[in-house]
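Coordinate-derived values only; no laboratory data. Values in this document were obtained by computation on a predicted structure and should not be read as measured data. Cβ coordinates were reconstructed from backbone atoms using ideal geometry, including for glycine residues, and neighbour counts include every protein chain displayed.
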Amino acid sequence: MAKGGYGYGGMGGMNMNNLMKQAQKMQKQMADMQKGLEEKKFEITSGGGAVKITILGNKTVEKIEISEDVVDPDDIEMLEDLILTAVNEAIRTVDETTASSMSKITGMSGMPGLF
């Protein structure tokens, strides 16, 4: 058997070591980026600012602010819709930011559910 063959499709030991080091470096970058994102705050509004959601990058809703102007006891359904819209938009924003940040590190995009 030729030196460095070891069943890796002809890749020598040195190349495999470099590949492993690169993978470990990428894994650390991803972990650091994920930690930073989890601590990042996102503020999303709906209804022209009537409802404001503050959410962390780990998808924990930290705060919900509701303008007094939209509190109408005769139209609770509208307020519920505004809150639902803001929360869903906040989650979508966190997901998109996470995917975008990960793709910068990995060079890959369009991997839903991976991160």
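Over region 28-81, consider all pairs of different Cα atoms and compute the Kirkwood hydrodynamic radius from their mean reciprocal separation; express it in Å, one decimal.
For region 28-81, inverting the mean 1/r across all distinct Cα pairs yields 12.8 Å.
Could you please report the charge total around Lys28, scoring K, R as +1 and D, E as -1 over all other residues with beta-carbon less than 13 angstrom from its beta-carbon?
Summing Lys and Arg as +1 and Asp and Glu as -1 gives +2.
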- Note on the structure: For the table Lys35/Lys59; Lys25/Lys59; Lys40/Lys63; Lys21/Lys59; Lys28/Lys104, the rows whose alpha-carbon distance is greater than 21 Å are Lys25/Lys59; Lys21/Lys59
